[in-house]
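So the structure is just underneath, and the comments pick up after that.
FYI, it's all coordinate maths here, none of it is from the lab. Note that the coordinates shown come from a computational prediction; the quantities given were computed from them, not determined experimentally. Every residue, glycine among them, receives a Cβ derived from its backbone with ideal geometry; neighbour counts consider all protein chains shown.
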Amino acid sequence: MTRFDAILLSSFGGPEGQDDVIPFLRNVTAGRGVPDERLEAVAHHYRHFGGVSPINEQNRRLKTALEVELTRRGIDLPVYWGNRNWAPYFADVVAEAAANGHTRLLALVTSAYTSYSGVDQYREDFEKALAANGLAESASIDRIREYFDHPGFVAPLLEGVEDAVSSLVSEGIAPEAIHVLFSTHSIPLTAAQASGPEFGEGGAYVAQHLAVARVIADEAAPGIPWSLVYQSRSGDPRTPWLEPDISDALDDLAAAGQAKAVVIVPFGFVSDHMEVLWDLDNEATEAAKGHGFAVRRVPTSGTHPAFVAGLVDLVEERLNDVPRSARPHLTGLGPWPDHAAVGAHPAVSKSVAPAGF
């Protein structure tokens, strides 16, 4: 049985008030030389909600739910919560954990898929947090595997798609007139390819999303057309990013004239944070209604009991060194491999390669 002495719930972070918005966005864009005038273009999304990102409160609720489930199972591990871009910062939380005698942390990262920002950047964050506290030789941070196809993550999405389709059909819309849009964050094409070039165009990032979308569509919306779409792109407009953007996909559906309703599935995200509330509930929903579509937006996994239980399953998977052959997964890509620890245990530089990949 592998020894860990605490859980580190690891997330992106978000502002907690109007005065936090620009400093937070400076953190997010640090090193890119983005002037405050450009940051204000994004800031109005947060200001629309009083300058408060929903992600922090969602993580507080997730932390509480994890603590309840861990206690229910008799797993005596405290849960800390840290962020990349806003308080509580990783360095401060790692310091607090170490002061409490907790130096073998297992990170639950609120990112289900493989990408630089979802994997490598968190590794860098953990390295910096340990180094900032002088703990690189005496503490370590492991992380659970990417859980894009874990039943606990997928079950709430299946439920949501089934409910959305059922609701539209009950209003007299034929199944063949419904189109399911599986939406995730766009990233630069070079970053997508770097996530795993052996998986073909778009790398592991695209392959994982397509595999999960097929599972959900086949079970929850059989026979209903669907597409993988992207949202929330940023940066230099000259840089190629993954497409189609959800707004362009909606335009194309309207031009084709076959769909009467759309189901938007934000399956690239763990919770209903700003890029869901603004980009989907505001902009995409408004665009869809402008085309005359009936719209249903599926909830993210959030604090759904199945998701919380699934995360604790993933903790137990590491605690008990469950072999790969016994790890649950719903696509042919899984189960994704574990990652090497950051810090004192053990010194390995790269993720373990999955067998046969």
If each DSSP helix of 4+ residues adds -39,500 (n - 2.57) and the sum is divided by the residues in the chain, what number results at 222 nm, nearest 500 deg cm²/dmol?
-12000 deg cm²/dmol
Neighbourhood net charge (10 Å Cβ-Cβ; Lys/Arg +1, Asp/Glu -1) for I141
0
Once both labels are modelled 7 Å past Cα along the beta-carbon direction, what's the A95-E201 spacing in nm?
4.9
Placing each pseudo-label 7 Å from Cα in the direction of the beta carbon, S170 and E286 end up separated by a distance in nanometres of 2.9
Expected output is a single nm value to one decimal: the length gained when fully extending between D218 and V68, i.e. 0.36 nm times separation in residues minus the C-alpha distance. What is it?
50.7 nm
Semi-axes (Å, rounded, descending) of the ellipsoid equivalent to segment 151-297 per its C-alpha gyration tensor are 25, 18, 14
The simple spin-label model distance between Q121 and E162, using points 7 Å out along Cα→Cβ, in nm, is 3.5
Which log10 I(q)/I(0) values, to two decimals, does the chain give at q = 0.06 Å⁻¹ under the Debye formula with one point per Cα?
-0.22
Trypsin sites (Lys or Arg not before Pro) within segment 5-57: which are DSSP loop residues with at most 13 other Cβ atoms inside 10 Å?
R32
Computed E for F49/S325 - FRET, C-beta separation, R0 56 angstrom, nearest 0.05:
0.80
Can you give the extra length, in nm with one decimal, that the chain gains between S247 and N27 once fully stretched, where that is 0.36 nm per residue apart less the Cα-Cα distance?
76.4 nm
Using the Cα centre as the reference, give the magnitude of the dipole from point charges on the C-beta atoms of the chain (Lys, Arg: +1; Asp, Glu: -1; all else neutral), rounded to the nearest 20 debye.
540
Per the charge dipole of the chain (beta-carbon charges, Lys/Arg positive, Asp/Glu negative, Cα centre), the residue among F269, T71, T331 reaching farthest to the positive end is T71
Working out 0.36 nm times the residue gap between Q18 and A255, then minus their Cα-Cα distance, what length gain in nm do you get to one decimal?
81.3 nm
Lys/Arg Cβ at +1, Asp/Glu Cβ at -1, dipole of the chain taken about the Cα centre: which of A254, Q193, F49 is farthest positive-ward?
Q193
